[in-house]
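Here is the structure we will look at.
Taken together, the values in this text are just the output of simple stated rules run on the coordinates, not laboratory data. Predicted, not measured: the structure shown is a model, and the values here were computed from it. As a convention, Cβ positions derive from the backbone with ideal geometry for all residues, glycine included, and neighbour counts pool all protein chains shown.
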């Protein structure tokens, strides 16, 4: 039997590096890999990249309120259900992985599952907690918890991004034997492809960096308040913000209102080679998530990006992060407290040796957590499901 696998993700590919790392890992394990994802206006609907066959569906992400979210979720579900069924009937998949959100997207695999495909659920984010953070509507949150548990029962196996999220799912009734923790660290090779000779750190500036989604929960406003408090204390301070999201206009207006145009630079969404260069040149990475039911159960990918490049990280003190990184590895501050963030920034500015110590200690933990050490666990789960199928057929 040909080992054909498909990964479904309501995002863009190859920009989603977590999906890319999983696709390449499955390839290395002998799978032929397809990816079903969103389509941007600049991308072809069908494309092959490094032998990964990409099927892009005619839908884009816009993030314009709850109605648009629901439209995108259900439209993508229907498109995936149709596309996946057609592809499976043409050339059957032995393994289908659905990456959340939404959790109910896993049910789009129904026909292939009935025809013998094994289904895994990659839970990058806890959907009930995220919606509780964004929309605050208890009946919907409870419904999402029910859907989450139904999705876990439906899948043959599931992955979560840390032990805290797994514990939460199990406390709601999930089978712990079904869930495997695989940290959401990127594959370092994606960055290494674009690395060159070291460049000057930051051209005389003390440069802070924050990249990724620009959403209210990620604390960009906290960062701006901290920079405002420090601009007369650290004359050469600079914060570079990269990415896009629904909170962008508020942040741009806040930069202007605080008169921070000389200290804060918004670069937009940049291609991977430019992101690599920005990460290499920065002095410190900032992860300023606000405390919420959601943020205390996740690790942000940007944190691992900074650690890959050996940067010290200033991070809000959140339960799931603190469980994996101690006081000696990250420079913590109280979430949503600009003055405490300003204190942490000023401390690292005034103590270069502390920056080196934090970076060194965090790097030691990162070496333990890096994708090369997560990948065998991930592949072992996938291969065990495939072996079950092969034994059943034979």
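Some notes on this structure:
- A straight chain from residue 73 to residue 372 at 0.36 nm per residue would run longer than the Cα-Cα distance by 104.4 nm.
- The chain: C-alpha gyration tensor shape, a/c 1.5 cut-off, then a/b vs b/c: prolate
- Fraction of beta bridges assigned by DSSP in the chain that are antiparallel (%, nearest 5): 10 percent
- Listed peptides 266-274, 86-94, 41-49, 333-341 by packing density, highest first (mean Cβ within 10 Å): 333-341, 86-94, 266-274, 41-49
- Over the chain, relative contact order from alpha-carbon pairs under 8 Å, at least 6 apart, %: 14 percent
- Residue order, fewest to most surrounding Cβ atoms within 10 angstrom, among 211, 220: 211, 220
- Note on residue 135 and residue 43: with the Förster distance fixed at 41 Å, the Cβ-Cβ geometry gives a FRET efficiency of about 0.85.
- Over region 1-63, Cα pairs under 8 Å with separation of 6+ residues give a relative contact order of 32 percent.
- Theoretical FRET efficiency, 1/(1+(r/R0)^6), r = Cβ-Cβ of residue 334 and residue 60, R0 30 Å, to 0.05: 0.20
- Whether region 1-40 is rounded, prolate or oblate, judged on the alpha carbon gyration tensor where a/c under 1.5 counts as rounded: oblate
- For residue 261 and residue 114, the difference between the fully extended length at 0.36 nm per residue and the C-alpha to C-alpha distance is 47.2 nm.
- Helix axis angle, 17-28 relative to the chain longest principal axis, alpha carbon, degrees: 40 degrees
- By the beta-carbon count within 10 Å of each Cβ, the least crowded to most crowded order of 160, 357, 133, fewest first, is 357, 133, 160.
- Virtual spin-label span in nm between residue 277 and residue 322, 7 Å along Cα→Cβ: 4.0 nm
- Relative protection proxy for 7-15, 238-246, 176-184, from highest mean packing down: 7-15, 238-246, 176-184 (other beta-carbon atoms within 10 angstrom).
- For the chain, the longest principal axis of the C-alpha atoms and the axis of helix 371-393 are separated by about 10°.
- Full extension of the chain between residue 364 and residue 27 gives 118.5 nm of extra length, using 0.36 nm per residue less the Cα-Cα distance.
- Inter-centroid distance (Cα atoms) of region 130-153 relative to region 288-366, Å: 29 Å
- Tensor-based shape of region 190-369 (alpha-carbon gyration tensor, a/c under 1.5 rounded, otherwise prolate or oblate): rounded
- Relative contact order (%) - region 190-369, alpha-carbon pairs under 8 angstrom, separation at least six: 24 percent
- Rounded to 10°, Cα long-axis angle of helix 248-257 versus longest principal axis of the chain: 0 degrees
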